[in-house]
Structures are given as structure tokens and as C-alpha cells.
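I have placed the structure first, in the form of C-alpha cells, so that the comments after it can refer back to it.
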Amino acid sequence: MYKIKQTPEDFVVKELATLDFDDKGNYSYYLMWKKEFTTQKAVEKISRIFGIKDKFINYAGNKDKNAITEQYISINNGPKKEIETEELMLKFLGKGKERINLGDLEGNKFIITVRNIENKPKRITKIVNYFDDQRFGINKNNHVVGKLIIKKKFKEAVEEIDQEAEENNYISSLREIPKRILRLYVHAYQSYLWNKTVEEYIKTENKNTKIPLVGFGTELKGKLKKIVENLMKQEEITLRDFIIREIPELSSEGNERDLFAEIKNLKISDLENDELNKTKKKYTISFELQKGSYATQVIKQLFS
């Protein structure tokens, strides 16, 4: 069985984005390099070093922890300073008028060492655009929390997160969690539903289309209508459940996601001896993916 991420250097991610610089802007832009840090933990460390609340630090996407990653962040009125440690580096790039928000990137470039193999994989040009394990968290329960939130089972959600709470004050306890983290729980449940929908859809269909990330504004039609309605019945949810009046900022109208993602600029190196797995081989693969698509799915589907 192939192995990835045996060392952080085996998995390199570089964000692809275009920044609009303007010296008169209030936002400072930085290139953040990190190793074995989640994006949120890196932001928390930067906030401590700069003495700035982490809510003023924004980024376009969450990047892997067990990796070396480069991504762009913005800080409202951030200092013209840099950070350089073994695990975290920050390079000041300039200023602009717009903050960086989730989704504000064109895609990502990946350079991955695949180990413990004997033969090179087949070449593919696209993948089924599944959400992968990173979406669901270390304990793979992010979507469970998300479902509890949309079902308004706030006590159970707090317990699942293992968040401290005063009895009968569970909404306040959830509000103590950063909004972008809370939203991730709801998004994880939408991602779980998306994966389940696609598993059924591709049994009989193989052309690219938009698959709904269900929310209160989702309009269903055709074959997808039956699949999603059956799934929601099994899950005992309705589209209206995604309206969360108690925590309105977590309400989700829904969205769409491509069934397939194109693999761009795919390059596969020659086989080499694998120094970490004796008698086995390794190779390096590089490629680009649209934002929101998972490189780990490329590796899985290369070997499927």
C-alpha cells in the first residue's frame, strides 16, 4: 500500500492566488510558510507574536497540518514585520484595500512524494471531486457536530466538541468558538451529504455536472432530486433545517460543486529507491487543482 506524508517534506502545498496591491489599503498581505501546523494554529501563533486578535487575521483556505504549505493571509492594519522560525515563517508582501476571505484563491499546486510502491500509477486527467478526510477532522466527527447544530441539538453539539458549558447555556458556549470554526462544522455536514449523493449519482452517470451542497436555498430537480430527497429522509433532515435562527451566521443557503475536478500540469517522476521503506520505490508527483479539491483524492484515484 502506498504511503504519503511520512515526512512533512513529502507533502508540499502552494496556494495559487493573485493579490491586488495598493499602498493606500488598510490590509497587509503576507506569504505564510508553515510546517506541521494547522492554518488556525499558525494564525493563533501570529496573533500572539504581533499582539493582534486572531479575528483580524484572514486566509483563503485551510491547509494540511502534516505538510509544508505556503498560503496568503491578510491582517487588518498589520505591521510591516516578518517572522522566521523552524515551523513558521511570515513574509510581508505589501498592502491592499480588500481582506483575504475564504475561497479567495485560484487553486493549489501540490508536490507529493509517494512511497512504499513497486510500480508507477496510471495517468488520469480528472478525479471524482470527493471531500476527503481532512474535511471531517482528526476524529472524523466534524460532520456529526454539523448535523447536531442544524438539528438545533446544541447541548449534544457542545458535548461532541467537548466544549465547556454552563447548563442550559449551550448556544453561548458555541458562540465562544471562532465563527470560521463553527461554520466548518456545518460545511462538513454538507460535504458529507455531497459525498453520499455522488456515491449514488456516479453509479449510473459519468458526465460532469454540478452537485448541490444542500442548504435552505437548494432547488432540486431531475435525477439528483430523488437521490438527495432519499438521503435527507434517511438523515431525518429538511432543507429548512439549514436555517439556524439561534445562531444566524451559521445558516447556509447552500451551493454547488463540480462532480469532477481537472488535474492540471500533472508530472510524475521516475521511480527511485525509497530510503524510508527498504526494498520499495518512491516517486514524486506534481499537479495543480482548482480550489476546494483534495490532492489526497488524486493519489487515491491514481491507485484505484
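At-a-glance table
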read-out: Three-way shape label, the chain, alpha-carbon gyration tensor, a/c 1.5; value: oblate
read-out: Set of lysines with alpha-carbon distance to LYS278 below 18 Å, sequence-local pairs under 8 removed; value: LYS3, LYS5, LYS120
read-out: Other-chain or far-sequence residues with amide H under 5 Å of THR209's (modelled H); value: LEU259, PHE260
read-out: Sequence-distant residues sharing a close amide H with ALA17 (under 5 Å, placed H); value: GLU106
read-out: Charge-dipole axis of the chain as Lys and Arg at +1 and Asp and Glu at -1 on Cβ define it, positive-most pick from TYR189, ILE161, PHE50; value: TYR189
read-out: Exposure proxy order (Cβ contacts within 10 Å, fewest to most) of LYS155, LYS55; value: LYS55, LYS155
read-out: Straight-distance crosslink candidates among lysines, where the alpha carbon sits under 19 Å from LYS152 and sequence neighbours closer than 8 are dropped; value: LYS179, LYS233
read-out: J(HN,Hα) series, region 114-119, from Karplus relation 6.51 cos²θ - 1.76 cosθ + 1.60, nearest Hz, glycine and proline x; value: 9, 10, 6, 10, 10, 9
read-out: Relative contact order [Cα under 8 Å, 6+ residues apart], region 152-304, whole percent; value: 17 percent
read-out: Magnitude of the charge dipole, region 8-96, Cβ model with Lys/Arg +1 and Asp/Glu -1, debye to 20; value: 400 debye
read-out: Neighbour-count ranking [beta-carbon atoms within 10 angstrom, fewest first] of TYR189, TYR130; value: TYR130, TYR189
read-out: Relative contact order (%) - criterion: Cα under 8 Å, at least six apart; region: region 54-199; value: 19 percent
read-out: Vicinal HN-Hα couplings computed from phi for region 187-204 (Karplus, 6.51 cos²θ - 1.76 cosθ + 1.60; Hz; Gly/Pro x); value: 4, 5, 5, 4, 5, 4, 5, 4, 4, 5, 4, 5, 4, 7, 4, 6, 5, 10
read-out: Relative contact order of the chain, pairs being alpha-carbon contacts under 8 Å that are 6 or more residues apart, as %; value: 21 percent
read-out: The chain: calculated mean residue ellipticity at 222 nm from DSSP helix runs of at least 4, using -39500 (n - 2.57); value: -8000 deg cm²/dmol
read-out: Karplus-derived 3J(HN,Hα), 6.51/-1.76/1.60, for each residue of region 70-79, Hz, glycine and proline x; value: 10, 8, 9, 10, 10, 10, 5, 6, x, x
read-out: Shape of region 151-304, Cα gyration tensor, a/c cut at 1.5; value: oblate
read-out: Three-way shape call for region 89-140 based on the alpha-carbon gyration tensor, with the a/c threshold at 1.5; value: prolate
read-out: Nearby lysines by direct alpha-carbon distance to LYS45 (threshold 16 angstrom, same-chain neighbours under 8 apart not counted); value: LYS34, LYS35, LYS53, LYS55, LYS63, LYS65, LYS81, LYS91
read-out: Stretchable slack from ASP258 to SER172, in nm (0.36 nm times residue separation minus alpha-carbon distance); value: 27.4 nm
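Read the figures in this text as sums done on the coordinates, not as results from a lab. Quick caveat: nothing in here was measured; it's all calculated off a predicted structure. Virtual Cβ from ideal backbone geometry, glycine too; neighbours counted across all protein chains shown.
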